[in-house]
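Okay, so here's the structure we're looking at.
The values are calculated or read from the model by the stated rules, or taken from the named source; none is laboratory data. The structure displayed is predicted, hence computed values, not measured ones. Ideal geometry is used to build each Cβ from the backbone, glycine not excepted, and the neighbour counts take in all protein chains shown. Keep in mind that these areas ignore ligands, DNA and RNA; they rest on the heavy atoms of the full protein, side chains included. Shrake-Rupley method; radii C 1.70, N 1.55, O 1.52, S 1.80 Å.
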Amino acid sequence: MPIRVLSQSLINKIAAGEVIERPASVVKELMENAVDAGATRIDVSVAQGGLELVRVVDNGGGISAEELPLAVASHATSKLIEADDLFRVATLGFRGEALASIAEVSRLAIRSRTPDAPGGAELEVVGGRRGEVAPCGGPVGTAVEVHNLFFNTPVRKKFLRTTQTEFGHVAEAFTRIALATHRVHFTLRHNEKTVFELAAADDWRERIARFFGRDLAEQLIWIESEEGGVRLRGFAAHPSRSRSHNRMQYFFLNGRHIRDRSLQHALGESYRGLLLTGRFPIAFLELRMPPESVDVNVHPTKLEVRFQDSGRLYSQLLAALRNKFLSADLDTRVQSPVAGAPRAEFAADYETGGAEASGVDAARAEQLRRNLVDWAKGKVSEWNLPGRSGAEAASQAVMPFKPFPDQRPGLGLYRIDRPVGQVTNLSRESNDRLETRPAPEPAPRYCDCERSAVHHHAAMQIHNRYLIAESEEGVMVIDQHALHERILYEQLRSRVESGALETQTLLVPEPVDLSPAEAAAAFENRDLLAELGMKIEPFGGETVLVSGYPAMLANLSPVEMLHELVGRLLAGGKQPERRDLMDDLLHTIACKAAIKAGDRLAPEEIAALLAQRHLVEDAHHCPHGRPTALIFTREELDRQFKRI
Ligand code: ADP
Ligand code: MG
């Protein structure tokens, strides 16, 4: 094949492939242009998740009639003049390819007017074919409309997901820019409905509250530091507000939202000992530095950047957060209303233990503070909490912030023992299937177990985390969390399969603030969640109402559980199989609901747990594939003790 120079149209399509992945990319590019134009008000409006229409209207500086054709031409920009400018970019855009790329794969109409022009001008480009500039009326500023994205690139179009999901991405793109520039008035509409109306805010916290809820905003800790021309400002959330994913870590550099592994790592490090493994802090942090000390031209959508001195930045962030945590009185917020005590309506249904914070908790909180101080001074490698070994304590170090662990109402093992048939189906109104079905026959696997195997075997708990028991073959060491998780998982799965999972209808539905992408994922998977007993309703914006909750999770907070499940939904990547998704959610629930390492068990609880070990399939492995028990056979023991 001969070598040919590509046509401009093909070049633009290739560029579009890199920059314009989905409607959200269009929203991002157009909003950035509006911000660059100095707009104080930006209105974004999309139809059908942006597939049908994206419209961005701003009151910025506008484009003159003569320059309109240039604006939609590739490699045409007003933001760079000479090569060196590329290394001191102070605007969001600079490559001059966004409008050309979008126009190549859609029907784009642009209307604009500069302040000194008597009127405006408009121009339409269809699939890269440019029309004539025509005069028009209208206010100063620019309006860009993008219709039928990807109409001429069907392959791209095939990769798009549902309207809800695409809108979720749009909303996330909107969120990032609106968070980065809180002094600009933004609105977002979807299918003619207002989703966000954000007045210009002097206070960043105010903007954050509009997106993520007031109760999160109130638990943010102000972070500030300045070092060698780098200014860091923003918020980190109280450890009790952690997530199972890192998508609530927003970093901004000179007004641009960025992702940066090293900064995320520093953030994670600063919370070390304050969070359980697998949990991620929430933060909103802004960096300001001279544009020449960072290269923003290393990523197609400029999401990633390259810092001149990323090592120093890492230390600066880590130190700023750590110092703040040391002086902040984290403990006083133990009783956050959101992490919440067991709900009253549940308490009636299940036995509850004393709900007072114990003295042990207070002692732990105090110890944790001392640990933090020592750790910051570089003195400790291991945590010390009363009554715990070092490593164990580290994994439990979140204790002082978490109302549950030592106040739990028993272990919920009683719940396991309850024969299925005795459980009332609580969700009469909301689940037709349960309504019409008689309660299923007691599954023999779950009943009568208390007496069966237990009393033959003595078992003891050591370090509040392992159970040691005698078996036919020898000695078993059981991981209490892993085994309970496995039991719950099997039980949940069989109940979901037979449609017998009980939902507790909440007397007062619980509002939960989600991010736009989370809300979209939640509603897209509403049926799946309902099958798991989690009933949600829309409640305006990104707030959802939890109206029903899996009864067997009575002592876990619905808010946390929903965040957890939605986190898993989003982590699933592109279109996972429904079965896999369900399985993943079951694992998540089982893991959250299971007793933890560090929980002291009552003798009956140990007995109940052991009894059911024989009743679940594949009890040797917890759902994550870790073993639930190790067995030392008698022969092995005999051999080790040189008896044979
Ligand atoms: P870039 O932003 O990288 O320069 P774009 O293709 O996004 O490239 O835009 C090309 C040019 O069109 C910009 O440099 C700017 O001069 C002009 N432009 C685009 N959108 C707007 C807007 N909303 N207001 C004013 N000028 C704009
Ligand atoms: Mg641009």
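Looking only at residues in region 86-135 that are surrounded by fewer than 16 Cβ atoms within 10 Å (Cβ to Cβ) and within 15 Å of ligand 2 (Cβ to nearest atom), which one is farthest from the chain's Cα centre (by Cα)? Only one residue fits best here, namely Leu86.
Of all residues in region 252-288, those that are more than 15 Å from the chain's Cα centre (by Cα) and aromatic (Phe, Trp, Tyr) total 2.
Selection of region 272-293 for residues being open to solvent by less than 10 Å² (accessible area, probe 1.4 Å) and modelled with pLDDT under 90 yields Gly273, Leu274. Taking region 475-496 as the range and being open to solvent by 10 Å² or more (accessible area, probe 1.4 Å) and over 17 Å from Asp584 (Cα atoms) as the test, the residues that pass are Val475, Met476, Val477, Asp479, His481.
Per the conditions (1) within 11 Å of ligand 1 (Cβ to nearest atom); (2) farther than 30 Å from Lys158 by Cα; (3) β-branched (Val, Ile, Thr), the sole criterion not satisfied by Ile110 is (2).
Here Leu220 clears all of (1) in the same structural domain as Pro291 (by TED's automatic domain parsing); (2) closer than 24 Å to His299 by Cα; (3) among the aliphatic types (A, V, I, L, M) except the condition numbered (2). Within region 230-252, the residues that satisfy the criterion of being among the polar types (S, T, N, Q) and in a loop (DSSP other than H, G, I, E, B) are Ser242, Ser244, Asn246. Taking first residues from region 4-16 that are farther than 9 Å from Ser101 by Cα and partners that are among the β-branched types (Val, Ile, Thr) and open to solvent by 70 Å² or more (accessible area, probe 1.4 Å), the Cβ contacts under 9 Å between residues at least 6 apart in sequence or on separate chains come to Leu6/Ile14. Identification of helices (runs of 4 or more DSSP H) wholly contained in region 19-126 with 3 or more residues that are β-branched (Val, Ile, Thr) yields 23-36. Taking region 530-562 as the range and being surrounded by fewer than 21 Cβ atoms within 10 Å (Cβ to Cβ) and in a helix (DSSP H, G or I) as the test, the residues that pass are Ala530, Glu531, Val559. Picking from residues in region 210-262 that are under 22 Å from Pro516 (Cβ atoms) and touching a Gly at 6+ places or on another chain (Cβ under 7 Å), the one that is most open to solvent (accessible area, probe 1.4 Å) is Ser244.
If you go through region 25-71 and pick out every residue that is buried (at least 21 other Cβ atoms within 10 Å of the Cβ) and among the acidic types (Asp, Glu), you end up with 3. Selection within region 73-85: residues that are within 14 Å of ligand 1 (Cβ to nearest atom) and not hydrophobic (A, V, I, L, M, F, W, C). The member of this set that is most open to solvent (accessible area, probe 1.4 Å) is His75.
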